[in-house]
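J.: If you scroll down you'll find the structure; I have some questions about it.
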Amino acid sequence: MSRVDDLQKAAEEYRKQVAPDLPADLVTGIIETQISLSEEPVACARKIDALIEAHLGVEDQDD
Amino acid sequence: MIELQCLTVENFGPFQEQQSIDFGGQKGVYVVHGNNGHGKTSLLNACRWAFTGKTKNRRDQLINRAVVASSGQGPVVMRVSVAFTVDGIAYEVRRGLTREPGGQIKETLTLDEDGHVLGTSESKGRLQEILPAEIQQFFFFDGELMGQFESLLEEKSLAANELKDSIETVLGIPVLRDAGVTLSGLSSETTKALAKKGGADVKNKQIYQALKNLRKQEAALRATIKGSGESIKGSSSEISKLEKQMAESESTRALLTDRDKEIGKQGELVTGAETALNGLQENAATAWKALLNNRIADQIKDIKKRDAEISKSLEQKRHDGLVEKMKDEIAKTGICPICEEKHPKAKFGGNMSTNSDTEALSLELVGLQRQAATFQGLGTDSAQAQLHAAIQTDYDARNALEASKSKLRDIREKLKGVNEKDVGEIAKAYSNHATIRDTAVETKIKAEVSLDEVKTSIKTLEGKITDSGEGVSRLNKKVALLGELSNFFDTASDRYREDQKGRVEDAATKLFVSISQQDQYEKLRITENYGLEILHQDGKVEDMRSAGFEHIVAVSLIGALQETSPVKGPVVMDSPFGRLDREHGDRVIRMLPNLASQVLLLVQDRETTPEDIESALNAEDLVAQRRLRQVSAHETLIEPIKAGS
């Protein structure tokens, strides 16, 4: 199991326990981004922002 | 998981020609034997440099000096390459230094990923992703790192803080924590954007101002809840540590309480004994009277007898006088004064006592009564009784005092060797932590109630804004989502830290028990700083750790971090048995296959020999053994081990 998988698995457990309403794929995407862009905080923040915007976009469409 | 295939060095350190350590992807232990100066540390540095670009030496010192010297003004190229796989994907990292004719050093880096060559920047990023530089020390380490682990028990040292950060990094904790920070930053940005956009609408201005204040309150309450939670956790952890000590010292504390009570009681008993003694002395002063008691009692008895006789005589005389008087009357009148009948006149004669007899008897009676009163006034009966009572009181008081002294002696005997200050401090610390915990619980509950109220208010206000304009509703949703995500990652980070610490503790204990094989040790306990305390069977912490045991604890921690970390890979150990005796060294060797899936062990003959390695490890766990043969001061060859060499 890779480093990302390990953390994502743990985070998914916690999400189910403490914040089941949060979208699992968003949590997973944030962890992946945080690992891959850990050395570039600005790029990391922009990419996470984009993930959230994309998620809200999907929600808007659903509405 | 990172798996080594092959390490190749050329003109690196004491290695001139291209030479390799070839794992061939096998799991197990690869051992390289070599004495000081033969190049063991260079092999460790080659691995570290290839993966992270970090080295403890200056870059120009990495190039083989003999090659540099023989090249004259010509260029010299040094190369290190490591072929490895990560979860089945093949990589080869190649780092090189070229010494230009002018003496300048030029560094090159390439990374092949599954047959594709990545550019320098991408290679750096990918390597950092595969094996972050901050945690390389847990994969490529020497005795120096082992020594640093001791600092983890000194909670305030700078070295401990740095190492703690590295450990948290290897355990993957900063990923979740940093995600929380990133999300919190985005939340602030979006909140500002929302205020700007919504604030333009005059109608909503007040609502945004109120929302801003509520969000500030929300953040403050969350911080309070988090702080209280940490305080509860910290104090509970201290309380659970102290509970065992409290239980152990319970009988001692009971003895100390008894002793203090007895000391107080003894003060009262001393006063009582003094009072009793004073009473005895006072009574003794009149006690001589008791000696006359019987005689005086006889005297009083005689007096009383005489008193009775005289009283009887006086009665008789008064009776006789009355009869005489009546006779005189009858003689004079012939009429009885009582029945008033006529009686023949008669002459009565008799022994009439004289008035002087009666007076004499009366006087004697008065004298006797006065004498009796004098004797009784001496109080001999009561003096004797009081003296007896005083003697008894004094006796009882002295007995009680002696009994108390004896009890106190017994208690003090039982308390011999007890450090009263320690016992007192344990109880005091327990009480302090209990107060801190109770206060924190109360604060947390209050803050949670307030947070619910604030969240409801925010929701109500947000509901009012939703209809007010395009884009605002979307920003509102985003702020709410970011807030939830940020809080989630904060919580997840805390829980992940605790879970990982528990796993490290369990894994380290397992290794420690198998290496140390000391029955009296129960387990290792991880501290807030990731230091590991050795616990005895009785729960006490070992405070006299030998250098050898420090070493075993360090090896156990490294093994535990390997097992627990989301980053798994080979371990390269340089002279790791420095402070271990042969027996414990052999146990560590036997445990190496459990430490990581691949171990490159660099050792001196003083630490272990090829024969010892062969006897300690199963054949399937031993990949190969090599020896570093020094050809000259700047040339070493990596050679297979020959039988008997």
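J.: Please give the contour-minus-distance gain from residue B:106 to residue B:263: 0.36 nm per residue of separation, less the Cα-Cα distance, rounded to one decimal in nm. Mind showing how you got there, number by number?
T.: On the way: separation 157, 0.36 × 157 = 56.52 nm, distance 8.33 nm.
My answer for the length gained is 48.2 nm.
J.: Restricting the count to DSSP beta bridges whose residues both fall in chain B, what percent are antiparallel, rounded to a multiple of 5? Before the final figure, lay out the partial values.
T.: Numbers: 50 of 68 bridges.
For chain B, the DSSP antiparallel bridge percentage is about 75.
J.: Order of B:180-187, B:103-110 by packing, highest average Cβ count within 10 Å first?
T.: Per-residue mean Cβ counts within 10 Å order the peptides as B:180-187, B:103-110.
J.: Residue-wise, which Karplus ³J(HN,Hα) couplings in Hz belong to segment B:416-433, taking 6.51 cos²θ - 1.76 cosθ + 1.60, θ = phi - 60°, and x for glycine or proline?
T.: 4, x, 7, 8, 4, 5, 4, 4, x, 5, 4, 5, 5, 4, 4, 5, 4, 5
J.: Give me the net charge for the shell around residue B:357: Cβ to Cβ below 15 angstrom, other residues only, Lys and Arg +1, Asp and Glu -1.
T.: Numbers: positive: B:312, B:317, B:318; negative: B:309, B:315, B:320, B:324, B:359, B:364.
Once all neighbours under 15 Å are counted, the net charge is -3.
J.: Starting from the Kirkwood Rh over alpha-carbon pairs, what translational D in µm² s⁻¹ does the protein assembly as shown have by Stokes-Einstein at 25 °C and 0.890 mPa s? Present the calculation step by step, with values, prior to reporting the outcome.
T.: Numbers: Rh = 35.2 Å.
Stokes-Einstein gives a translational diffusion coefficient of 70 µm²/s.
J.: Within 10 Å of each Cβ in peptide B:176-185, how many partner chain Cβ atoms are there on average? Round it to a whole number, please.
T.: Values: counts 8, 1, 5, 11, 2, 3, 12, 6, 0, 4.
Mean partner shielding for this stretch: 5.
J.: Hey, rough spin-label estimate for residue B:370 and residue B:313, points 7 angstrom out along Cα→Cβ, what's it come to in nanometres?
T.: In this crude spin-label approximation the distance works out to 1.8 nm.
J.: Quick check: the angle from helix B:173-199's long axis to the longest principal axis of chain B, C-alpha only, nearest 10 degrees?
T.: 90
J.: Evaluate E = 1/(1 + (r/R0)^6) for residue B:498 and residue B:614, where r is the Cβ-Cβ distance and R0 equals 60 Å; express this FRET efficiency to the nearest 0.05. Kindly include the intermediate steps, with their values, before the conclusion.
T.: Working: r = 43 Å, r/R0 = 0.71.
For R0 = 60 Å, the calculated efficiency reads 0.90.
J.: How large is ³J(HN,Hα), in whole Hz, for each residue of segment B:123-128 in order, when computed from phi with the Karplus curve 6.51 cos²θ - 1.76 cosθ + 1.60 and θ = phi - 60°, using x for Gly and Pro?
T.: Working through the residues one at a time gives 4, 4, x, 5, 5, 5 Hz.
J.: Same structure again: What residues qualify as long-range amide H neighbours of residue B:28, i.e. H under 5 Å apart, gap of 5 or more or another chain, H built at 1.01 Å from N?
T.: Amide H neighbours of residue B:28: B:598, B:599.
J.: Further question on the same structure: Mind giving me the FRET efficiency for residue B:506 and residue B:428? R0 is 30 Å, r the Cβ-Cβ distance, nearest 0.05 is fine. Write down the numbers at each step before the final one.
T.: Values: r = 32 Å, r/R0 = 1.08.
About 0.40, to the nearest 0.05.
J.: At a Förster radius of 35 Å, what calculated FRET efficiency corresponds to the Cβ-Cβ distance of residue B:69 and residue B:546, to the nearest 0.05? Could you put the intermediate results ahead of the total?
T.: Details: r = 46 Å, r/R0 = 1.31.
About 0.15, to the nearest 0.05.
J.: What order do you get for B:164-176, B:66-78, B:25-37 when each peptide is scored by the mean count of other beta carbon atoms within 10 Å, highest first?
T.: Working: B:164-176: 21.8, B:66-78: 14.3, B:25-37: 18.8.
Per-residue Cβ counts within 10 Å, averaged per peptide and sorted highest first, yield B:164-176, B:25-37, B:66-78.
J.: For the residue pair residue B:439 and residue B:35, what label-to-label distance in nm results when each label sits 7 Å from Cα along the Cα-to-beta-carbon direction?
T.: 6.4
J.: Under a plain spin-label model, where a point goes 7 Å from the Cα along Cα-to-Cβ, how far apart in nm are residue B:358 and residue B:322?
T.: Placing both labels 7 Å beyond Cα along the Cβ direction yields 1.1 nm.
J.: Pop out the ³J(HN,Hα) list for segment B:571-585 in order, Karplus 6.51 cos²θ - 1.76 cosθ + 1.60 with θ = phi - 60°, rounded to Hz; leave Gly and Pro as x.
T.: Per-residue couplings from phi come out as 10, 10, 10, 9, 6, x, 9, x, 9, 9, 6, 4, 4, 6, x Hz.
J.: Additional query: Near the amide H of residue B:13, under 5 Å away, which other amide H atoms are found, from residues 5 or more places off or on another chain, if H is placed in the peptide plane?
T.: Under 5 Å from the amide H of residue B:13: B:63, B:64.
J.: Extension gain residue B:338-residue B:189, at 0.36 nm per residue separation less the Cα-Cα distance, in nm? Before the final figure, lay out the partial values.
T.: Numbers: separation 149, 0.36 × 149 = 53.64 nm, distance 14.03 nm.
Working it through step by step, the gained length comes to 39.6 nm.
J.: Then there's this: Report the extension gain between residue B:536 and residue B:281 in nm, rounded to one decimal, defined as 0.36 nm multiplied by the number of residues separating them, less their alpha carbon distance. Display every interim value, and only then the final one.
T.: Numbers: separation 255, 0.36 × 255 = 91.80 nm, distance 6.23 nm.
Between residue B:536 and residue B:281, full extension yields 85.6 nm more.
J.: So what is the 222 nm mean residue ellipticity for chain B from helices alone, if each DSSP H run of at least 4 adds -39500 (n - 2.57) and you divide by all residues, rounding to the nearest 500 deg cm²/dmol?
T.: Theoretical 222 nm ellipticity from helices: -21500 deg cm²/dmol.
J.: Can you give me the long-range amide H partners of residue B:23? Hydrogens built in the peptide plane at 1.01 Å from N, cutoff under 5 Å, separation of 5 or more residues or another chain.
T.: B:6, B:7
J.: Expressed as an acute angle from 0 to 90° and rounded to the nearest 10, what is the orientation of the C-alpha long axis of helix B:40-52 relative to the principal long axis of chain B?
T.: That helix lies at roughly 80 degrees to the long axis.
J.: Ordered by packing density, taken as the mean number of other Cβ atoms within 10 Å over each peptide's residues, highest first, how do B:619-628, B:482-491 rank? Write out the running numbers ahead of the final one.
T.: Working: B:619-628: 17.5, B:482-491: 21.9.
Order by mean packing, descending: B:482-491, B:619-628.
J.: Write down the percent of antiparallel bridges among all DSSP beta bridges whose residues are both part of the protein assembly as shown, to the nearest 5. Don't skip to the end; give the middle numbers.
T.: Values: 50 of 68 bridges.
Just about 75 percent of them are antiparallel.
J.: Quick one: helix B:293-333 against the long Cα principal axis of chain B, what's the angle to the nearest 10°, folded into 0 to 90?
T.: 30
J.: Where in segment B:540-582 does the label zone of residue A:17 land, with the point 7 angstrom along Cα→C-beta and an amide N cut-off under 19 Å?
T.: B:564-566, by backbone N distance to the label point.
Every read-out reported here was derived from the displayed coordinates using simple, explicitly stated rules and does not represent laboratory data. Here the structure is a predicted model, which is why all the values come from computation and not from measurement. Here the Cβ is made from the backbone with ideal geometry for all residues, glycine too, and neighbour counts use every protein chain on show.
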